[in-house]
Amino acid sequence: MQTAEFVELLAVPTALAKNPLFDIIVEDKINIQNYCNALIIKILELRQSQFPAFIDYQFNQVKNPEIWLNKFEKLLANNSEQFEGIRNNSKFIKLYTLIQAKRTELQSSSVKETVVKTPKRLINAESEDRYFSFSEVKTHIAALTNYPDKILYLNEEICEYKQSEVYFINNKLLDYKKQCKALLKQIQNEKILKCQLEKEQADEKNKMILEKKPTFKIRLNGPINILTDAYKQMMNDVKPNGKPYIQHKIKEIAKFICDNYLDENGNELSMLTIQTYLSPTRTDKNPNNDWKIKL
């Protein structure tokens, strides 16, 4: 495992542990490597519901909690691969959330606001470690900004509930696990629909770009009126069946020419100029017979 440069290495062997659940246990020599290894192992063993108490316990042990917190965050970042898998990844996110909250608490000079306790009537169930409130879950989900965090959080709550020894269930509320699963399914469906909508919007945008701008434009190495005269002939000369070769309005053909051709200098064509050249009454814009393309 990679390390972080902790200033205080507060670790003890198992025999001297006052709180085996939260103490950092190091049986060998206490150094940076052994301390960091033991700390990572400890947080992987703990349950998410125990993280707040664990961080508070470490804060009470060290002389400079803020420095310890910064090094702890660095240690997590350096060993992010240790948190692969849905459950451990959820732990990783939970720890970062707690670290940020604790840092804000430390740096704030304002008086702490009184935490509003969740009313008993909004608690679905209770175990020895914690209580489960779907009302709190909905509030927390609403505060999260992306789908992966929401999905990970709900999966973790469902796992926590399954593994907890629940001793109280509020029969006036729906089953906590079922509510979490229903919300999880709703969020997953929303994610699928959002992805589909974004794909459709992207496809439509790409389609409009392709329709508006061709892949390439043909550069004409000569006067542009030679080309417009060819189109003019196909638009006005009548075939034996009584129809011209091209049946489109002057404006439509002018746009097509501007979208697909450049002049001999590689410049864009003027829509107004091309419309003038295509007008059957503007014979003065036709090329002389030596340059004219005869169809």
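The values are calculated or read from the model by the stated rules, or taken from the named source; none is laboratory data. Remember, predicted model here, so these are calculated numbers, not experimental data. All Cβ positions, even for glycine, are placed from backbone atoms using ideal geometry, and neighbour counts span all protein chains on display. With ligands, DNA and RNA removed, areas are computed over all heavy atoms of the protein, side chains included. Shrake-Rupley method; radii C 1.70, N 1.55, O 1.52, S 1.80 Å.
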Ranked from the most accessible area to the least, with a 1.4 Å probe and all protein chains present, what is the order of R282, R219, R130, R121?
-> R121, R219, R282, R130
Whole-percent pair-distance distribution, where bins are 5 Å wide, for the alpha carbons of segment 223-295 = 3, 17, 28, 25, 18, 7, 2, 1
By the scheme Lys and Arg +1, Asp and Glu -1, what is the net charge of all other residues having a beta-carbon under 12 Å from that of P287?
-> +1
Would you check the accessible area of T283, probe 1.4 Å, heavy atoms only, in square angstrom rounded to 10?
-> 90
For segment 1-147, which whole-number percentage of the solvent-accessible area (1.4 Å probe, protein heavy atoms only) is attributable to carbon and sulfur atoms?
-> 53
Taking the Cα atoms only, what angle lies between the long axis of helix 147-163 and the longest principal axis of the chain, rounded to 10 degrees?
-> 30
So the angle from the long Cα axis of helix 51-61 to the longest Cα principal axis of the chain, reported in degrees to the nearest 10, equals 60
Report the accessible area of K181, computed with a 1.4 Å probe over the heavy atoms of all protein chains in place, in Å² rounded to the nearest 10.
-> 100
4 °C / 1.567 mPa s Stokes-Einstein diffusion coefficient of the chain, Kirkwood radius on C-alpha pairs, µm²/s | 49
With axes computed from alpha carbons, what is the tilt in degrees of helix 250-260 against the longest principal axis of the chain, rounded to the nearest 10 within 0 to 90?
-> 60
Per-residue SASA entry for E5, accessible area with 1.4 Å probe, Å² rounded to 10 | 120
